[in-house]
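Everything below concerns the one structure shown next.
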Amino acid sequence: MKKEILVTGAAGFVGRRLARALGRKGYEPRLLVRSERRFKELNPGIEGSVVEADLLDDRSLDTALEGVRFAYYLVHSMRGRAVGRSGDFAGKDRKAAENFVRAAGKQGVERILYLGGLGEYGDRLSEHLASRQEVAKILSSGKPALTELRAANIIGAGGAPFEMLRYLVERLPVMVAPRWIDTRCQPIDIHDAVGYLVGCLRESRTAGARFDIGGAEIVTYRQMIRLYAGVRGLRRVVFSVPVLTPRLASLWVALVTPVSSGLASPLIEGLKNEVVCKENRIRELIPIPLTPMVDSLRQALRETEAGSVMFPADTFTKGYPH
Ligand SMILES: NC(=O)c1ccc[n+]([C@@H]2O[C@H](COP(=O)([O-])OP(=O)(O)OC[C@H]3O[C@@H](n4cnc5c(N)ncnc54)[C@H](OP(=O)(O)O)[C@@H]3O)[C@@H](O)[C@H]2O)c1
C-alpha cells in the first residue's frame, strides 16, 4: 500500500498538505500534477514521485493510474480571471471526473477518495456547490468504491477562504456586505480535514460511503469576521445591505483581495447556501480532536507571518503573496 496511492491536485492547497501528511506516515504517494517543473519549483523537497497528467486528457491518465489502489481526487477548475463569468468550470469538472472514473476503473483502482462540498440538492445550490455534488455522483458511478468527504470552507494559510477573510478584514475598517453575511457555515481546520483524508485510507468502513466533515463550531460569516478581527486586535464594522448582488460582491472581493476572480465569483455565489454538517458519523470512525476556530485562525496567521506558505499557482492574482 505504501506506494499504491495517487494524489491528484497535488499542487493545490489541500493536495500538497495531504502529500506531506502521507509522507510523514511513511507512505510514498504518487503526485499527479499538470506541470512537474512548476510543481518542483514551488515544492522543493516534497516526498513522493511526480507524474504529469491532465484530467481533461484521458490518454495521460492510464500511466498515472497504473498500479494505483487508492486515488485521492482533489481537483476543481475554478481559477483565473473571469469576473462575473463562470468560465464553464462545471463543464470542465464534469469532463475531468468522467475521464478519471473511467481510467480508474480500467486500471483496477480499488477506491477513490474525494473531498467535495457540503450542501443539498434542492437547496437552490450555487453553480459551484452543485458542481461539487455532480462530481461526486460521477465518481460514484464507476467500478472503484467512492469515499466522499463533504466540507464547508477549509481554514488554512494559502487556502482561498482564509485568504479572502484575511484581506477583507485587514484592508477594510468598514465593510458593506450582502445578506449572506448572516448565512451559517461550519468551517474545518486544514489539519483536521487532512487528518480525515489520511484516516479514511485505513478505515475500510469509509469505502462506498459519504461523510460530512466540519469543525466544532457553527458560525455566520459575520461571526468569522469578528473572530479574525479579535485575533488580530482590530476594530471592524460590518453593514449588510439587501441590494448587493453576488456579482457586485465578487467584483469587490476581486478588487480588495488577491484571490483570482475566476475562483472568488463562484465561491461568493455559494455563500448564500448554508453549509453545515447534517451528520457526524466520521467522528466515531476517525476520532481526531477538532481544532477550535480561533486556534485555526492563529495557526494560519503564524504560517503566513513565517512566510512558510506555498501558494497554489494561478489561484491568486499575479504578484501574490504580499
Ligand atoms: N479549499 C477549500 O476551502 C475547500 C473546501 C471544501 C472542499 N474543497 C475541495 O478540496 C479539493 C481541493 O481543493 P483546493 O482548495 O486544494 O483547490 P486548489 O488549491 O485550487 O487546487 C486544485 C488543483 O486541481 C488541479 N487541477 C485542476 N484542473 C486539473 C486538470 N484538468 N488536471 C489535473 N489537475 C487539475 C490544479 O492543478 P494545477 O496546479 O496544475 O493547476 C490544482 O492543483 C476540491 O475538490 C475542493 O472542492 C476545498
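For the range 149-172, how many residues meet the condition of being open to solvent by 10 Å² or more (accessible area, probe 1.4 Å) and over 12 Å from the mean Cα position of the chain (by Cα)? Total meeting the criteria: 8. Answer yes if at least one residue in the range 126-148 is out of contact with any helix residue (DSSP H, G or I) (no Cβ under 7 Å at 6 or more places or on another chain), part of a loop (DSSP other than H, G, I, E, B) and in contact (Cβ under 8 Å) with a residue 40 or more places away in the chain, and no otherwise. So far as the range 126-148 goes, no, none of its residues is out of contact with any helix residue (DSSP H, G or I) (no Cβ under 7 Å at 6 or more places or on another chain), part of a loop (DSSP other than H, G, I, E, B) and in contact (Cβ under 8 Å) with a residue 40 or more places away in the chain. Of all the residues in the range 19-37, those that are within 26 Å of Leu56 (Cα to Cα) and open to solvent by 40 Å² or more (accessible area, probe 1.4 Å) number 6.
When the residues of the range 59-80 are filtered to those that are more than 10 Å from the ligand (Cβ to nearest atom) and part of a helix (DSSP H, G or I), which remaining residue is nearest to Leu18 (Cα to Cα)? Here the residue is Leu65.
In the range 212-231, which residues are within 13 Å of the ligand (Cβ to nearest atom) and farther than 22 Å from Glu269 by Cβ? Residues satisfying the conditions are Ile213, Gly215. Among the residues here, Gly119 qualifies as among the small types (Gly, Ala, Ser) and not in a helix (DSSP H, G or I). Put simply, of Lys95, Lys143 the only residue that is at pLDDT 95 or above, within 11 Å of the ligand (Cβ to nearest atom) and surrounded by fewer than 20 Cβ atoms within 10 Å (Cβ to Cβ) is Lys95. Could you tell me whether any residue of the range 122-131 is under 13 Å from Val75 (Cβ atoms), of a type in the set (A, V, I, L, M) and surrounded by 16 or more Cβ atoms within 10 Å (Cβ to Cβ)? No, the range 122-131 contains no residue that is under 13 Å from Val75 (Cβ atoms), of a type in the set (A, V, I, L, M) and surrounded by 16 or more Cβ atoms within 10 Å (Cβ to Cβ). Residues in the range 215-264 that are modelled with pLDDT under 85 and open to solvent by 70 Å² or more (accessible area, probe 1.4 Å): Pro242, Val243, Arg247, Leu248, Leu255.
Hey, any hits in the range 59-67 for a residue that's modelled with pLDDT of 95 or more, open to solvent by 30 Å² or more (accessible area, probe 1.4 Å) and in contact with an Asp or Glu (Cβ under 8 Å, 6 or more places away or on another chain)? So far as the range 59-67 goes, yes, one or more of its residues are modelled with pLDDT of 95 or more, open to solvent by 30 Å² or more (accessible area, probe 1.4 Å) and in contact with an Asp or Glu (Cβ under 8 Å, 6 or more places away or on another chain). Within the range 1-15, being modelled with pLDDT under 95 and more than 21 Å from Glu66 (Cα to Cα) holds for Gly12, Phe13. Close Cβ contacts (under 6 Å, 6 or more residues apart or on different chains) running from residues in the range 228-250 that are within 20 Å of Ser296 (Cβ to Cβ) to residues that are open to solvent by 40 Å² or more (accessible area, probe 1.4 Å) and not in a helix (DSSP H, G or I) comprise Ala229/Arg236.
State whether the residues of the range 76-94 include one that is within 25 Å of Gly199 (Cα to Cα) and touching an Asp or Glu at 6+ places or on another chain (Cβ under 8 Å). Looking for residues that are within 25 Å of Gly199 (Cα to Cα) and touching an Asp or Glu at 6+ places or on another chain (Cβ under 8 Å), one finds at least one in the range 76-94, hence yes.
The values are calculated or read from the model by the stated rules, or taken from the named source; none is laboratory data. Quick caveat: nothing in here was measured; it's all calculated off a predicted structure. Glycine gets a Cβ as well: all are built from the backbone with ideal geometry, and neighbour counts include every protein chain shown. Surface accessibility is based on the protein's heavy atoms, side chains included, excluding ligands, DNA and RNA. Shrake-Rupley method; radii C 1.70, N 1.55, O 1.52, S 1.80 Å.
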